[in-house]
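Undergrad: After the structure tokens below, expect a handful of questions from me.
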Amino acid sequence: MHADPESPVCREEAQLLPDEWLKVKPVAVNGNLSPGIYYPTAGSKRSRTHRHGVTRRSRRRAILKNGECNILKSKISQRRLRFLQDMFTTLVDAQWRWTLLVFTLSFILSWLGFALIWWLIAFTHGDLEPDHLPNMQESTNWKPCVFNIYDFTSCFLFSIETQHTIGYGSRTTTEECPEAIFIMCLQSIVGVMIQAFMVGIVFAKMTRPKHRTQTLLFSRYAVICQRDGELCLMFRVGDLRKSHIIGASVRAQLIRSRTTKEGEVLSHYQTELELNADGCDSNLFFIWPITMVHKINADSPFYGVSAADILQERFEIVVILEGTIESTGQTTQARSSYTTSEIMWGHRFVPLVTYNRERQGYEVDYSKFEETTQVDTPLCSAKELDEFYGSQGDRRSIDWFKNQNYDEDIEMGTLRQYQTVFNTQFNYSFFVPKKDLCGKCELYKQADDDKKQLLQEDYDKYIKNKERVWKLKEEEKKNLDHNKSTVAIFYLEKKFSSRVMERVGRGRKTAAASTAIYDVEDLKCAYSKLIPVTKVLYNDLKSLCS
């Protein structure tokens, strides 16, 4: 059950949240409001499976979600001349209306231009005089440069017939005018060149690899969760067509500002992110959707970034999918990007490939391509998580701890510390077995009187031992409850100065931790709700940081 947002406690705590927290409704795995795990609405009765419908404040981005570069070029010297020198590429890159306009004008203007030349030849030769028109040529014995030329209209029709070798037969050149023969040859050559050039542009425009990217998919959101004990940034790529992308590879680059040692500010510094898919590198056998994984380790730029830092950071992750189109052999490139508002902490992608027994093949359900589910995920950074693992001497996932029986070999302090780091809840109650659940009961029933007495004594010792262990655990639990503020101060020392912590820590070590701190993200000092502290401690922190 989720916390009731209308309850007085929730209303009082909501007033402490910053404005953006009211837009981002995080829910912890135990059902209480918590940061770092993004969820559509607080108090929603939907399942843990999440279909994205929430958007946070938009961020500036260099690459749009459709792959277009959000780059505006201005103040280019001799811009038109530079583009006209590469006319073919300019027309291929231009919008269809401009390409078709140039295509049409190139033919019409060539027809009109050569029609004017044919009219001038006929005019200078005297073929347009009344006595030399086609209906008078036989009586006057006049031989024109071109038969059946009356006016400019007939010259225009002859220009079209010559350029495209239509050859209706009514208009033909004669050997009377050498210039007419030369123009006829020239127009034939020019017509072939124009046709080849324009058809090549249209063909290149229609077969551009850019159109293949319309069937290459990137997940709308990237997620951060644990995989094999490590925090990982993951996103999903897919291909809708049956013809595959050969030699597909995926790259990712982080774009953010950086300040050098000399004080120079690099506003768009690019860093390559190491990617892999399953047990392979970034080169894919791309037959179904694949989840690309970036391990957040010591070599990752996200090594020191926590869930709370994601809300404050400003960066963009550009992802690039490249490969060869199987049907055409051309190279294509699809692009997308993820800003901080599109990274979901504490989510994992839902599997979408299943085997269809009826059709005897693997089936990909693309309705689940964007679907994620919430998982238990540490809210701290990967660096702090490694420090915690180092203190434990072992790298264990959260599921390992949840599946334990919590016997005497696991100290309560370890579990409490793990709860603090992972912001999750464990069941600390220890079961006291009853006699009818004893595994020795069958032996007891089948034994003789002497044997039963021995078994009963052993079993009584077993019960007393379990009760003793249970009481010790309960006592240890109570002692740890009194030290919650001490644990809280230990983690807050990383974010607050020692002077502040000295003032806060006085007299607070035995305070009851009944509520959680909400102000850490609001104060921009530490992780919000990562560790439990009292409202009194919260008020002290708020007054000290204000």
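The values are calculated or read from the model by the stated rules, or taken from the named source; none is laboratory data. Treat the numbers as computed from the prediction; the structure is a model and nothing was measured. Neighbour counts are summed over all protein chains in view; Cβ atoms, including those assigned to glycine, are modelled from backbone coordinates with ideal geometry.
Undergrad: Considering only segment 306-318, state which residues are within 13 Å of Thr271 (Cβ to Cβ) and in a loop (DSSP other than H, G, I, E, B).
TA: Matches in segment 306-318: Phe315 only.
Undergrad: Turning to a different aspect of this structure: State whether one or more residues within segment 195-205 are outside the structural domain of Glu363 (by TED's automatic domain parsing), over 22 Å from the mean Cα position of the chain (by Cα), of a type in the set (Val, Ile, Thr) and surrounded by 13 or more Cβ atoms within 10 Å (Cβ to Cβ).
TA: Yes.
Undergrad: Also, I was wondering about something else. Kindly indicate whether Thr373 is of a type in the set (Ser, Thr, Tyr), touching a residue at least 24 places away in the same chain (Cβ under 8 Å) and either assigned to a helix (DSSP H, G or I) or in contact with a Gly (Cβ under 7 Å, 6 or more places away or on another chain) (or both). Give the steps one after another, and end with the answer.
TA: Details: of a type in the set (Ser, Thr, Tyr): yes; touching a residue at least 24 places away in the same chain (Cβ under 8 Å): yes; either assigned to a helix (DSSP H, G or I) or in contact with a Gly (Cβ under 7 Å, 6 or more places away or on another chain) (or both): no.
No: the conditions fail for Thr373.
Undergrad: So, of the residues in segment 169-183 that are of a type outside the set (D, E, K, R) and in a loop (DSSP other than H, G, I, E, B), which turns out to be modelled with the lowest pLDDT?
TA: Gly169
Undergrad: I'd like the full set of residues that are at pLDDT below 90 and either part of a loop (DSSP other than H, G, I, E, B) or buried (at least 19 other Cβ atoms within 10 Å of the Cβ) (or both), limited to segment 324-338.
TA: Glu326, Ser327, Thr328, Gly329, Gln330, Thr332
Undergrad: So, one more: Pairs under 6 Å by beta carbon, first residue touching a residue at least 40 places away in the same chain (Cβ under 8 Å) and on the phi < 0 side of the Ramachandran plot in segment 272-299, partner surrounded by 13 or more Cβ atoms within 10 Å (Cβ to Cβ) and polar (S, T, N, Q), six or more apart or different chains?
TA: Once the first residue is touching a residue at least 40 places away in the same chain (Cβ under 8 Å) and on the phi < 0 side of the Ramachandran plot and sits in segment 272-299, its partners that are surrounded by 13 or more Cβ atoms within 10 Å (Cβ to Cβ) and polar (S, T, N, Q) give Val293/Asn276.
Undergrad: Against the condition farther than 24 Å from Ser106 by Cα and either assigned by TED's automatic domain parsing to the domain that holds Phe302 or surrounded by 13 or more Cβ atoms within 10 Å (Cβ to Cβ) (or both), how does Phe218 come out, does it pass?
TA: Yes: the conditions hold for Phe218.
Undergrad: Also: Given segment 68-161, what helices (runs of 4 or more DSSP H) lie entirely inside it while holding 3 or more residues that are surrounded by 11 or more Cβ atoms within 10 Å (Cβ to Cβ)?
TA: 79-84, 87-93, 96-125
Undergrad: Hey, can you tell me all the residues within segment 263-310 that are β-branched (Val, Ile, Thr), farther than 30 Å from Leu240 by Cβ, surrounded by 16 or more Cβ atoms within 10 Å (Cβ to Cβ) and in contact with a Leu (Cβ under 9 Å, 6 or more places away or on another chain)?
TA: Once the filter is applied, which keeps residues that are β-branched (Val, Ile, Thr), farther than 30 Å from Leu240 by Cβ, surrounded by 16 or more Cβ atoms within 10 Å (Cβ to Cβ) and in contact with a Leu (Cβ under 9 Å, 6 or more places away or on another chain), segment 263-310 yields only Ile296.
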